[in-house]
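The next block holds one structure in the form of structure tokens; read it before the comments.
What follows draws every value from the coordinates through simple rules; no lab data is involved. Source: prediction; values computed, not measured. Quick reminder, even Gly has a Cβ in these numbers, built from the backbone with ideal geometry, and neighbours come from all protein chains shown.
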Amino acid sequence: MLIKNLDQITMSDQQTAGGKCLALARLHQNAFPVPKAVCITTDAYDTFISSTGLRTRIQMEISRKDFSQMRWEEIWDAALRIRNFFLKTPMPSTLDDQFRNELAPVFRNSMVAVRSSAPGEDDHGTSFAGLHESFVNISGIDAVIDHVLLVWASLWSDAAMLYRKEIGLDVHQSKMAVLVQEMINSDRSGVIFTRNPANKNESIIEAVHGLNQGLVDGFIEPDRWILDMKNGKVLSHMPAERKNWMIPGPGGAVVKELPAQKSSIPPLDAEGIKAVFEQAMASERLFDYPQDMEWTFKGSSLYVLQSRPISTGIQKPENDDRGWYLSLRRSLENLKKLRIRIEQDLVVRMIREADALAGEHLENLPDQKLAGEIERRIQIFQNWKKIYWDEFIPFAHGMRLFGQYYTDTMRPEDPYEFVRLLETSELQSIERNRHLAELAATVRENPELKHNLKTGKYLDVDSGFIKKAQQFFLRDMETEYSLTGRREVVPEILVSIILEMSEANPQQKSAGKTRMELEGAFLDRFAAEERIHAEELLDLARASYRLRDDDNMFLGRIEREMKRAAETGKKRLGIHIARLDSPETIDAIARSLNDPEYQPDFETPVQETPYRVELQARQMVGQPAGPGLGSGNARVIRNRDDLGGFLHGEVLVCDAIDPNMTLVVPMAAAIVERRGGMLIHGAIIAREYGIPCVTGVPEAIIAIHTGDKLTVDGFLGIVTIEKVHDADA
Amino acid sequence: MDKRMNDKNQASNIYSTLENLFKSQNLAVLATHNHGQPYTSLVAFAESKDLKALYFITGQATRKYANLMSDPRAAMMIDNRSNAPADIAEAMAATATGSVDIISENERIKPLSVYLQKHPHLVEFAKSPSTRLMRFNVMCYYVVNRFQNVVELHMRT
């Protein structure tokens, strides 16, 4: 059966109705007050994904690449694509008819919540709770059906996949039931834990004014009561500040300021506390297990929204990052706060720190002071790197939040259409590349200058040009390259990039016209309050998009400052190391300065590549990250010194594009990157320039060699080695 | 029954046998060549109603595509073997010979819908600007069953 009401669900339906529906059915059948609800069983999900071919498409998407090799951003991309499959696949008429015939008469025009009820989700011992989506405040059968699709899709959200990857992602076993439940127009809501996890003799009630989504999602601070589990006596009450509440609004529910007359009163009085406690204990007796129950009041009537066993705190394996992955699901409210912190505090401090470091003269420091300075700079860099991970990367979710909203509203063919709305001309690397393009244009128009640069007659080069180039170098690339006397001449590497750029007009940035059209079409879909919400999301997404580029650059500056100190030490020690890439190497320089006896081995072992000549990769699959089809000879960039040889029309192949590599991006026919994801730096820059890009190709820099002829299919995420470069030819 | 009648009946039998075989199979082996060097590939295929055309999709950076661009002549085999000893007696294979062309943008709608009906999960692949929907124009089918029993079905254009 595709649809069952709460009277029809029995214990044998555990696998088809899911934990949430089964629990509510049992409560209902035992005369607990639960809102009117029906269950769309896993049979409906199965029918949908089988009859539409979606099962195979999901399977293709998740088996594109070994799951263990995927970064969270790639998993997020895969999740986004799968979500789009669900949104774009029309509901087969048999299912659609049944939904309309059976759901519409039950709910008519009342508001409903559409909630996930995955088998196993609410079992005690598992911690699926909160992984899948639930939506509140939905009305009309079309919207209900749309949200059923979204709940189904959340079975394949990145968080859900990351959780399930431990137990194996099986497209045949993973199923989802959906609970459609009448919304209670509630004025007070909350949760109760019949047992305090910290003290088995106590129960805990948390309550807020308004919808309990605010509490569950952590936006609204609740009042909290500790009760004696045996008799329900209040042991203590911790009142909240009660500033906000969550009420129905655009996007389901919105946070609003709590009216003054409510903010002075706790959401529950003694009678309310008693009613909630008694209901929850009755539920615990029914299920014979401590319960975590969500409840709500409409006037004096109490309703149970759901009741599930308290999960028993699962043993976390070491190095388990899953908590961090889950922290990546952030709300608009949360991101707005984070934005203020990043823009007004962190970025400001980061720039100040980088400026201060750049202003210090290191050459004249005595050895020990220099060693101390190197160590201090390692600390500073690592401190900012941590902030980068803890605050800046999660802020990238501003894009995702908007992306989902945009995709849900516009249902575009291309799931990444939203990225085009994020384009601004303010990206730092774009700005810098524009300066570089100006230098190249000067060279292009001035044959004599070009000749002098080509032949290394720097003394004859126009001094105005030298000055401009030096300014560019000092501002944007200082200490990038270990060249002697760098303040006197323009470094060769920069000269060769400028010369190559001057050979042809670089690609123009893709036109902004489409962005305006897209933006207009998007915003015109909303009126009044909803439009404000949409604009707010877009604004946040743009800030997050811009920062994704800029914060990389700022972190790059601090890293350069760390390396500048190490470079100074390296010269003083007279040692030869090609690259100062690891903190260990840099730390070893500091130690050597401190202790002349200390003789570290700076030689890094050369890694054996697993590829031998007999085994030649022909076609490699990654993630489609920038649409387009591009061909050209590969230029594998292993370190920044490789940039100097870059030629127009080559395919840039690298481990991970760092901001300094973006100098040559305008000349590239395509980009291939080992690191994966749609929103990583390389992908963003590639899209900005309209260059085909494939990311997440694990073997990219091992299997591809400079000179190999490549075709890069940025639509499908395929890289083909058409012809292997013959070094002897 | 005169010979012509008999032939006609047999042809219509083979036609429906082929139809059933094609419906039961998703993948075919496509044979192309590169300057005389044979090369085979597995492709997801769909058949036109009259069986005169077999459709498949390929990326433009593939060997089969390059081979077909330099010589459109090709063969395609569709069979129903199940990797069991009984295959020798029971399995059936149809080899089509003919030539392949690219279906142009303006005649794409019908064949694409035929193709996607059979392979709905390949919609992204099919619609990507980097791939081409190809038509194998069948000149002749060689149908082999019961180990050595072979008949030819010549398709009239």
I need A:384, A:245 ordered by Cβ neighbour count within 10 Å, fewest first.
A:384, A:245
Quickly estimate the mean residue ellipticity at 222 nm for the protein assembly as shown, helices only: each DSSP H run with n ≥ 4 gives -39500 (n - 2.57), and the total goes over all residues, rounded to 500.
-13000 deg cm²/dmol
What FRET efficiency comes out for residue A:363 versus residue B:144 if R0 is 56 angstrom and r is the Cβ-Cβ distance? Round to the nearest 0.05.
0.10
Length added when fully stretched, residue A:108-residue A:435, from 0.36 nm per residue minus Cα-Cα
111.6 nm
Across segment A:518-577, what fraction of all alpha-carbon pairs, as a whole percent, falls in each successive 5 Å bin from zero upward?
4, 15, 13, 11, 9, 8, 7, 7, 6, 5, 5, 5, 3, 1
Using Cα-only point scatterers and the Debye equation, what is log10 of I(q)/I(0) for chain B at each q in 0.14, 0.19 Å⁻¹, rounded to two decimals?
-0.73, -1.23
Taking one equal scatterer on every alpha-carbon of segment B:55-138, how large is log10 of I(q)/I(0) by Debye at q = 0.16, 0.19, 0.24, 0.25 1/Å?
-0.73, -0.92, -1.17, -1.21
Give, in nm to one decimal, the length gained when the segment between residue A:702 and residue A:298 is fully stretched (0.36 nm per residue of separation minus the Cα-Cα distance).
139.1 nm
Plugging the Cβ-Cβ distance of residue A:201 and residue A:30 into 1/(1 + (r/R0)^6) at R0 = 30 Å yields, to the nearest 0.05, a FRET efficiency of 0.70
Equivalent-ellipsoid semi-axes of segment B:27-78, from the Cα gyration tensor, Å, largest first:
19, 11, 10
Per residue, the convex hull enclosing the alpha carbons of segment A:1-157 has a volume in Å³ of 124
If segment B:66-115 were replaced by its equivalent ellipsoid, with semi-axes equal to the square roots of 5 times the Cα gyration tensor eigenvalues, what would those be, largest first, whole Å?
31, 16, 8
For segment A:141-282, rounded, prolate or oblate, judged on the Cα gyration tensor with a ≥ b ≥ c (square roots of eigenvalues), a/c < 1.5 rounded, else prolate if a/b > b/c?
oblate
Kindly provide log₁₀ I(q)/I(0) values, in the same order as q = 0.21, 0.28 Å⁻¹, from the Debye equation applied to equal alpha-carbon scatterers of segment A:346-406.
-0.89, -1.13
Cβ density ranking, 10 Å radius, fewest first, applied to A:183, B:5, B:76, A:111 yields B:5, A:111, A:183, B:76
Counting only Cα, what are the radius of gyration and maximum Cα-Cα distance Dmax of segment A:172-255, in Å?
15.8, 49
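If you average 1/r over every pair of different alpha-carbon atoms in segment A:14-101 and take one over that average, what Kirkwood value in Å do you get? The partial results should precede the final answer.
On the way: mean 1/r = 0.0639 Å⁻¹.
Over segment A:14-101, the inverse of the mean reciprocal pair distance is 15.6 Å.
Hey, what's the Kirkwood Rh for the protein assembly as shown if you take every pair of different alpha carbons, in angstrom?
31.7
Scale the Cα Rg of segment B:103-151 by the rule-of-thumb value 2.2 N^0.38 Å and send over the ratio, two decimals.
That works out to 1.59 for segment B:103-151.
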Rounded, prolate or oblate: which one fits segment A:615-715, using the alpha carbon gyration tensor with axes a ≥ b ≥ c (rounded when a/c is under 1.5, else prolate when a/b beats b/c, else oblate)?
rounded
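Going highest first, how would you order B:85-98, A:692-705 by mean Cβ packing within 10 Å?
Working: B:85-98: 16.2, A:692-705: 23.6.
Top of the packing list down: A:692-705, B:85-98.
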To the nearest 0.05, how large is the calculated FRET efficiency for residue A:7 and residue A:618 if R₀ is 56 Å and r is the Cβ-Cβ distance?
0.40
7 Å from Cα along Cα→Cβ at both residue A:271 and residue B:88: what's the point-to-point distance in nm?
8.9
Nitroxide proxy distance, nm - points 7 Å out along Cα→Cβ at residue A:457 and residue A:56
6.8
Relative contact order of chain A: what whole-number percent is it, with Cα pairs under 8 angstrom and at least 6 residues apart?
11
Work out, in µm²/s and without decimals, the Stokes-Einstein translational diffusion coefficient of segment A:338-481 at 4 °C, 1.567 mPa s, Rh from Kirkwood over C-alpha pairs.
66
Using the basic label-point model (7 angstrom from Cα toward the beta carbon), what is the residue A:379 to residue A:531 distance in nanometres?
5.4
A student applying the Cα gyration tensor rule (rounded when a/c is under 1.5; otherwise prolate if a/b is larger than b/c, oblate if not) would label segment A:371-434 oblate
Can you sort A:722, A:529 from fewest to most other Cβ atoms within 10 Å of each residue's own Cβ?
A:529, A:722
Give the average, rounded to an integer, of partner chain Cβ atoms located within 10 angstrom of each Cβ in A:716-724.
3
If the chain between residue A:100 and residue A:496 were fully extended at 0.36 nm per residue, the gain over the current Cα-Cα distance would be 135.9 nm
Roughly how tilted is helix A:93-107, in degrees to the nearest 10 and between 0 and 90, from the longest Cα axis of chain A?
50
